[in-house]
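The values are calculated or read from the model by the stated rules, or taken from the named source; none is laboratory data. Everything numeric in this text was worked out from a predicted model, so none of it was measured. Here the Cβ positions follow ideal geometry from the backbone for every residue, glycine too, while neighbour counts run over all protein chains shown.
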Amino acid sequence: MRRRIGLALGLATALLLAAIAVPSQAATISIAVPSGPVALPLLVAIEQHLFQAEGLDVVRIPCNSGKACLAALRSGVAEVAAGAEFAVAMTAAQTPAVTILASIGESTAQIKLIASRRAGVRESRDMAGKRIATVAGTSAEYFLDRWLTYQGIDPDRVKLSFAEPGALGDLVQQGKAAAAVVWEPEAARIEERLGADSIRLPSAHVYTQHFCIVAQARAVERDRPRFEKVLRALLRAQRFIAESPNEAQAILAANLKVSAAVAQRLMAEQDYRLALHTSLPATMLSQIRWQLGQDGKATEPVPSMQQLIDARPLQSLAPGSVTLTR
């Protein structure tokens, strides 16, 4: 009898040790990630295995803009997408419905206007009557309209050329446009290509971009803890960036293929903090009104921006980071 008990205890101990030795399998989650300094928290979380620490095995889906990342989310290719709030606001009426879970960074300098001196540009007012290249239907186009208005230049007094982000520099270099308006790191690449011919015009802080983590609303309702794990990993990344800026800078430089000096400048232009501030829905509301005006529908009713934001996951993890009012 004692021998049987001993054998049973030995078997139970062996099974327990085996269970401890084999880690539980991480759940796979796909995240659409654009290239740029705004995505640094995601890059850090991936390369420092912070998602894995939360039990998530990430499949990274690269895309060249937040607009493309949102398209991947809506099509089901990605479960989470990263992009500017503009991309969410512009697709508010589309299905399936998406929701913003957090902003992982804010910047007034993410989008820049890089002009050519050969085109006769020395200061902001010189842009009147010029041709400007940008990316249609993106935060860059919105920024340009705000910037022109701030400078006292009627947007109708400039000519627009639309192209993909990577092709804008060609238009300026070939003299087909006097300037390009685009986000980083494409702006830095255009400056590098133009060399002494380039001039970066002041942004005047006309637009604060909120770089957001977005998911399908029904998926969040179905499995909120899963998306809380994503936010927990990003909170870890936020701490890493604050505590190990040199390592974070190296990660950014390697991913963007830029110099350490450029990476340092780009990081300094970002505020890497997970948050949901009152400025987010206010900015989105302004963007939708702008787009309605562009479409000749300025009198149409505007939907509530609160329906595009789900503060519950971040509220449960970092309540002090949520300042939204209902």
Residues of the range 272-326 that turn out to be crowded, with 16+ Cβ neighbours inside 10 Å, farther than 23 Å from VAL220 by Cα and in contact with a Leu (Cβ under 9 Å, 6 or more places away or on another chain), as a count: 1
Positions within the range 178-224 being assigned to a strand (DSSP E or B) and within 21 Å of GLN306 (Cβ to Cβ), in sequence order: GLN209, HIS210, PHE211, CYS212, ILE213, VAL214, ALA215, GLN216
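Residues are listed down the side, and each one gets a yes or a no for (1) modelled with pLDDT under 95; (2) among the β-branched types (Val, Ile, Thr); (3) not assigned by TED's automatic domain parsing to the domain that holds LEU308:
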{"site": "VAL38", "(1), (2), (3)": "no, yes, no"}
{"site": "HIS49", "(1), (2), (3)": "no, no, no"}
{"site": "SER65", "(1), (2), (3)": "yes, no, no"}
{"site": "ALA68", "(1), (2), (3)": "yes, no, no"}
{"site": "ALA72", "(1), (2), (3)": "no, no, no"}
{"site": "ALA78", "(1), (2), (3)": "no, no, no"}
{"site": "ALA89", "(1), (2), (3)": "yes, no, no"}
Lone qualifier among ALA196, ALA178 - being surrounded by 15 or more Cβ atoms within 10 Å (Cβ to Cβ) and not assigned by TED's automatic domain parsing to the domain that holds THR283: ALA178
Selected residue [closer than 30 Å to TYR150 by Cβ and under 19 Å from the mean Cα position of the chain (by Cα)] from VAL206, VAL230: VAL206
Residue identified as free of Cβ contacts under 8 Å to residues at least 60 places away in the same chain, in a helix (DSSP H, G or I) and surrounded by 14 or more Cβ atoms within 10 Å (Cβ to Cβ) among ALA233, ALA250, ALA254: ALA250
Contacts under 9 angstrom Cβ, first residue in the range 74-96 being under 20 Å from SER30 (Cβ atoms), partner of a type in the set (D, E, K, R) and surrounded by fewer than 20 Cβ atoms within 10 Å (Cβ to Cβ), 6 or more apart: GLU79/ARG226; ALA81/ARG74; THR91/ARG74; GLN94/ARG74; THR95/ARG74; PRO96/ARG74; PRO96/ARG218
